[in-house]
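First the structure, in the form of structure tokens, and then the observations on it.
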Amino acid sequence: MRAVVVPQPGDAEVLTLAERPDPVPAEHEVRIRVTAAGLNGADLSQRRGFYPSPPGAPEWPGLEVSGIVDAVGADVQEWRAGDRVCALLSGGGYAEYATVDAGLVLPVPDGVDLVEAAGLPEVAATVWSNVFGLGRLSAGEALLVHGGSSGIGTMAIQLGRAFGAQVIATAGSDDKADFCREVGADAAVNYTTQDFVEAARAFTGGRGVDVVLDIVGGAYIPRDLDVLATGGRILCIATRDRTPASVDLGLLMRKRATLFGTTLRARPLTERVAIIAAVREHVWQLLAEGRIHPVIDSVFPLEDAPAAHRRMESSSHRGKILLRVG
Ligand SMILES: NC(=O)c1ccc[n+]([C@@H]2O[C@H](COP(=O)([O-])OP(=O)(O)OC[C@H]3O[C@@H](n4cnc5c(N)ncnc54)[C@H](OP(=O)(O)O)[C@@H]3O)[C@@H](O)[C@H]2O)c1
């Protein structure tokens, strides 16, 4: 089969189309003939040499795919050849075939295009497990989403609104802030011209926000804590600002606040399977009803993976970037 591999760490041009053996599903796995693969920030880190695939996963990138099941292992009951699915992978999505544990597979939701479904597993699992799992966001609460126009951000805005929260998003330009409002945010802040702490405080009438989904870290963490309501939760899922965060523990205690950090890929298989089950239970119906939808920026042919990576690095995209495989 064809796969996009990383012969040596480097810029987007190192991504190379190569031949690799077709994978064979283990007893608990399904094999998917890949229709499309989603891009994620982790793929860029992996390409630069900082985030290798975990042991047992293919060495090439790709954390999510959509496609058609074409073979199943002996122990797999739920899936059969011909099923239209999408799946959360530990790596190896940039290829014509991928194998994955049956518990990490989801049906393509009714009404969702098979290609676009490739952009769902990673954002749905990350947002659900953080904002609603650890963060326990509930109706009537206020959610602050940093990077609201990103793949993660567009899902967080939509799910926050669908579950009855008020959502304020940050973005790096007025256009992107407008886009966040179009996706459903009640308010959006251009963080290059406006202080998000002041804006979020004004948005909540001085009360502060209950949950923050943070993809920046570093200097953002004390500002998140500053604008957090009593009992609030901060979910740190990326460290774009690599400087160590300085946290006022007295303020953390006075606010009875919680600071979480997680990475989805590193969680044990049993936890990821439980997250996928929760996503299917709580998120999939909203997709089928058209109350939320995948937000797709662009679709590149598999062989144009370098251009897709360059687009993500330029940060000019809104929503998910996909690779069309088959
Ligand atoms: N921990 C986990 O389990 C997990 C899982 C999935 C993704 N992630 C992380 O979550 C982040 C979003 O993922 P993605 O796939 O949606 O990536 P993406 O589409 O590339 O989004 C990155 C976003 O970061 C925004 N950004 C950069 N600096 C910012 C700042 N100072 N304030 C607010 N926004 C800022 C950019 O928007 P602007 O141009 O508006 O700045 C861009 O939209 C990535 O860093 C990714 O690595 C973590």
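Contact list please: Cβ distance under 6 Å, first residue in segment 20-42 and closer than 14 Å to Val85 by Cα and touching a residue at least 12 places away in the same chain (Cβ under 8 Å), second residue among the acidic types (Asp, Glu) and more than 16 Å from the ligand (Cβ to nearest atom), pairs at least six apart or on different chains.
From residues that are closer than 14 Å to Val85 by Cα and touching a residue at least 12 places away in the same chain (Cβ under 8 Å), the pairs are Glu29/Asp101; Arg31/Asp70; Arg33/Asp70; Val34/Glu96.
Let me spell it out: the conditions are (1) part of a loop (DSSP other than H, G, I, E, B); (2) surrounded by fewer than 21 Cβ atoms within 10 Å (Cβ to Cβ); (3) in contact (Cβ under 8 Å) with a residue 12 or more places away in the chain; (4) more than 11 Å from the ligand (Cβ to nearest atom), and Thr192 meets all of them except one. Which number is the exception?
Thr192 satisfies every listed condition except (4).
List the residue pairs whose Cβ atoms are under 6 Å apart, where the first residue sits in segment 122-146 and is without any contact (Cβ under 8 Å) to a residue 24 or more places away in the chain, the second is among the charged types (D, E, K, R), and the two are 6 or more positions apart or on different chains.
Between residues of segment 122-146 that are without any contact (Cβ under 8 Å) to a residue 24 or more places away in the chain and residues that are among the charged types (D, E, K, R), there is no close pair.
Taking segment 195-233, which residues are touching a strand residue (DSSP E or B) at 6+ places or on another chain (Cβ under 6 Å), without any contact (Cβ under 8 Å) to a residue 60 or more places away in the chain and either within 12 Å of the ligand (Cβ to nearest atom) or closer than 16 Å to Val247 by Cα (or both)?
Across segment 195-233, the qualifying residues are Phe196, Gly217, Gly232.
Is segment 284-299 home to any residue that is among the basic types (Lys, Arg) and either more than 23 Å from Gly111 (Cα to Cα) or surrounded by 15 or more Cβ atoms within 10 Å (Cβ to Cβ) (or both)? Break it down into steps so the answer makes sense when it comes.
If we filter segment 284-299 for residues that are among the basic types (Lys, Arg), which is where we start, we get 291.
Narrowing the set further to residues that are either more than 23 Å from Gly111 (Cα to Cα) or surrounded by 15 or more Cβ atoms within 10 Å (Cβ to Cβ) (or both) leaves none.
Checked segment 284-299: no residue is among the basic types (Lys, Arg) and either more than 23 Å from Gly111 (Cα to Cα) or surrounded by 15 or more Cβ atoms within 10 Å (Cβ to Cβ) (or both).
Every residue in segment 234-244 that is within 18 Å of Asp195 (Cβ to Cβ) and more than 9 Å from the ligand (Cβ to nearest atom), please.
Passing the criteria: only Ile234.
Within segment 87-118, take every residue that is more than 17 Å from Pro23 (Cβ to Cβ) and among the acidic types (Asp, Glu) and give me the one that is modelled with the lowest pLDDT.
Asp110
I'd like to check which strands (runs of 3 or more DSSP E) are fully inside segment 73-189 and have at least 3 residues that are buried (at least 24 other Cβ atoms within 10 Å of the Cβ).
Fully inside segment 73-189 and qualifying: 84-88, 97-101, 142-145, 166-171.
Which members of segment 213-242 meet the condition of being under 16 Å from the mean Cα position of the chain (by Cα) and not hydroxyl-bearing (Ser, Thr, Tyr)? I'd like the intermediate steps shown before the answer.
Residues of segment 213-242 that are under 16 Å from the mean Cα position of the chain (by Cα), as a first pass: 213-216, 235-240.
Correct list: Leu213, Asp214, Ile215, Val216, Leu235, Cys236, Ile237, Ala238, Arg240.
If I go through segment 115-134 residue by residue, how many of them are away from the ligand (no atom under 13 Å from the Cβ) and touching a Lys or Arg at 6+ places or on another chain (Cβ under 6 Å)?
Adding up the residues that qualify gives 0.
The values are calculated or read from the model by the stated rules, or taken from the named source; none is laboratory data. For clarity, every value in this text was computed on a predicted model and none was experimentally measured. In this analysis, Cβ positions are derived from the backbone assuming ideal geometry, glycine residues included, and neighbour counts consider all displayed protein chains.
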